[in-house]
Amino acid sequence: MIRKSLLMILLAAAASAAGLSVRIVDTQGRAIPGATVSLISRSGESKTLTADAEGGCEFRQVADGDYFVEAGASGFAASAPRAVRLPTGDDAALVISLGLAQVRSEVVVTASGTPQSTDEVSKALTVVDRSAMELRADPTVADALLDVPGLSVQQLGGPLSTTYFKTRGLRDTDTAVLVDGLRLRDAAGTQADASGLLQDLVLADTDRIEVLRGAGSSLYGTDAIGGVVNIVTGEGGGRTRGSVSLDGGSLGQARATARLAGGLGSRIDYSLGLTHWNITRGIDNDSPARNTSGQGQILWRLSPIASLSARIYAGDSFGVLRLSPIAVGNLPASGVVNAIAVPLSQLHLYESGALSDPPAPGNSTFLPDQFDPDSTRTGKYFTGALTFRLRPSERLGFTAQYQNVRSTRDYGDGPAGPGYQPTGTSLSDYLGRIQTASARIDYSPWRSQHWNAGYEFEDEDFRNRLTPPTPAAPFSSDVSQRSNAIFAQDQVHLAGDRVQLSFGYRAQFFTLAAPYFEPAAGAPFAGRAFTAPPTAQTGDISAAYTIRRTGTKIRAHAGRGYRAPSLFERFGTYFDGAAYTLYGDPGLRPDRSNSIDGGIDQRLWNSRAQLSATYFFTRLNEVIIFDYSGGINPSTDPLGRYAGYRNTGGGLARGVELSANVAATRRVQFTAAYTYTDSRQQTPVVPGVWESFDSPRQRYSAFATARLTDRLTAVFRYIGTGDYLGSVYGYAFRFSGAQRAQAMLSYRRPLAEFRAVRFYGKVDNMFNQTYYQDGFRTPGATFVTGMQFEF
């Protein structure tokens, strides 16, 4: 009976499916062969075709409903998304003209979890697309996001070194990272966020990156206190196409990338990218690193109303670790210290063993990171997802998803290197696994309103093994937790879509499993039963009003955010080979925050310019800290700890984001951004210092693209920051800000209708600034040159 009912639904949908024919022309009305045309439904499905010799293509057997249509072609400005409605059983036709110089609108998914035009978004959102990443020769996700307003990208050293994202002056744990809308977290990390994986996120087949600023926990759960970075995989479709590129340059860099995308008939779309990046020298010619990554997805249209897709993103990396910076000299016990680096000649003497103690010549206050020849990190991660979508009617949709995230990090260290070193070889292995399953129902009672609600189950596991030098005993642990979440959202469009309203809610419930520790003798939590940790709840509301006559959009957003305690924060221990020291607390409450932001977007000059201004304020009501300065008393602490994780008051961050996007001519595009942030903490890490670490008050950037000829393109990019406070060995240091300029030149020569070769060159840090990120040296002036073959 069930099979018969399902078959009747599929047959009825096929009979009522609509068709859409699209023709792509230039400003003179001439056809543009080979243009790519994408049809994107409000429920999240998409399909891409390639225009024929007459500039036309036809989408057949499309379920009725509301869609966006986007088009683009090499050498032309991409079109703004066109909203179309396909009525039941009827065909429609559309003509799209390419080539007008204007600020582009796009279809995005991160702001609401469902496709929207950027003109409809009521939150602060920035999109970095593939064309910009390719023109700038960005190798990693971190490089692609350097000039996003309100987002700080910090890298502790050279390429493929430890990386952090910080949104609006908040902590690195307060920015959630997603892949195609699903959380990417490292369960084996201290805070179980994405920080342990960011250095490995190399661009392989990324179509665009969407950055949402402001609380996003009602949509995406834990970590989305300050914002969300969503990495969107290429979808494929259309004709078979791809590229192969090779480049290399300073620091011993060599990189190879291959991409392939297309469709198999009308039912299967695919996209795949592979890249290998090898750095043989790195900082000081002694910091090699490598990364091999793959990304892609395949979509199978089972019928006009049903589809199944599979996506992967994985990487394998290796690097030599440098020792953390050291505070030197006679420093005050409180207050801020000016960061003055020990000269490199003295650093190299200490690294070589010629000096037994860290040098402190003259007025130097810190020793930068040091070379440790036998300290290494090997990392692997894999995230794979399956998505099933069913849309039995124009008003009703169903989505089921499953994702598996696995991460491993192996650290090795030996007796070589400066300062204190182990007496033999020490190995530390960390394994994290997070499985997530969810189901969501979308329902539109009428065209102006869209509801969705769903359920999510998450199973999280963290394993650790430490093998110290003999004769100390090895240690291993295995801890896990499960959670159940419910969520709902209501989106309303009023007054002819001039008014946009959105309401969201999410609640997550946790259960803990008994941890396993080896050796069992003296292990903490033995025989203890655990009560359910506190529930994390959050809500969200946003609104936007558009004055079409003047091109003005006014928006406001308020929400609560949260971060769930990690497994290490709940069960973390230290084993010295003979006895345990407990740091974790299973009863920790989640981090909680309240935030508001509001702004205005103004289009000018016939949509060739857009100016944006946003004010933001976030208060961290309660956070988790690691307290080693006397805040935990073993006589009153229920776990008898001397130090460890506990809840305390948080702090606040407020400021302003300004940005401008100008299409000066058809050949010249320009963007600029400025962010002012005032971030303060309620519990200072260093006595008397309330200003938050790693949060420059001022950030500014500029990015200009000029098509000098039809074949030659020049790009200039500048990223700067003001001074900031960083922590070195428990002291507050004031570091000078970064002033980083990049220049790129690209020459593209067509070989045939769909084939071309492109030569490019890039200079980074072209003014050769000596810059320290929290005491870690970053590269001076570097260059990369390469070639790409397109087909």
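Laboratory data are not the source of any read-out in this text; all were calculated from the coordinates shown. Keep in mind it's a predicted model, so treat the numbers as computed, not measured. All Cβ positions, even for glycine, are placed from backbone atoms using ideal geometry, and neighbour counts span all protein chains on display.
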Next on the checklist: Could you compute the net charge surrounding Val689? Neighbours are other residues with a C-beta less than 12 Å from the C-beta of Val689; K and R count +1, D and E count -1.
Outcome noted: +1
Checklist outcome for this item: Here the FRET efficiency for Leu751 versus Ala453, based on Cβ atoms and R0 = 45 Å and rounded to 0.05, is 0.30
Item to check | Contact order normalised by residue count of the stretch 642-733, Cα under 8 Å, 6+ apart, percent | outcome: 24
Checklist entry - Taking the Cα centre of the chain as the origin and placing charges on Cβ (Lys, Arg +1; Asp, Glu -1), which of Ala354, Val141, Val492 is farthest toward the positive end of the dipole? => result Val492
Item to check | Net charge contributed by nearby residues that have their C-beta within less than 10 Å of Gln421 (K/R +1, D/E -1) | outcome: -3
Item to check | Helical mean residue ellipticity (222 nm; -39500 (n - 2.57) per DSSP H run of 4+; nearest 500) of the chain | outcome: -1500 deg cm²/dmol
Checklist entry - Relative contact order (percent) for the stretch 321-384, with alpha-carbon contacts under 8 angstrom and 6 or more residues of separation? => result 48
Item to check | the chain - percent relative contact order, Cα under 8 Å, separation 6 or more | outcome: 11
Checklist entry - What spacing in nm lies between the two simple spin-label points modelled at Phe626 and Phe789, each 7 Å away from Cα in the Cβ direction? => result 5.0
Item to check | Label point distance in nm, Leu344-Leu611, each placed 7 Å from Cα along Cα→Cβ | outcome: 4.4
Next on the checklist: If I take R0 = 56 Å and measure r between the Cβ atoms of Ala664 and Arg528 in this structure, what FRET efficiency does the formula 1/(1 + (r/R0)^6) give, to the nearest 0.05?
Outcome noted: 0.25
Next on the checklist: Could you work out the percent of alpha carbon pairs in the stretch 18-163 separated by over 25 Å, rounded to a whole number?
Outcome noted: 39
Checklist entry - Applying 1/(1 + (r/R0)^6) with R0 = 25 Å to the Cβ-Cβ distance of Leu264 and Val84, what FRET efficiency is obtained, to the nearest 0.05? => result 0.45
Item to check | Of every Cα-Cα pair in the chain, the percent that sits beyond 41 Å | outcome: 33
Checklist entry - Taking the Cα atoms only, what angle lies between the long axis of helix 2-16 and the longest principal axis of the chain, rounded to 10 degrees? => result 60
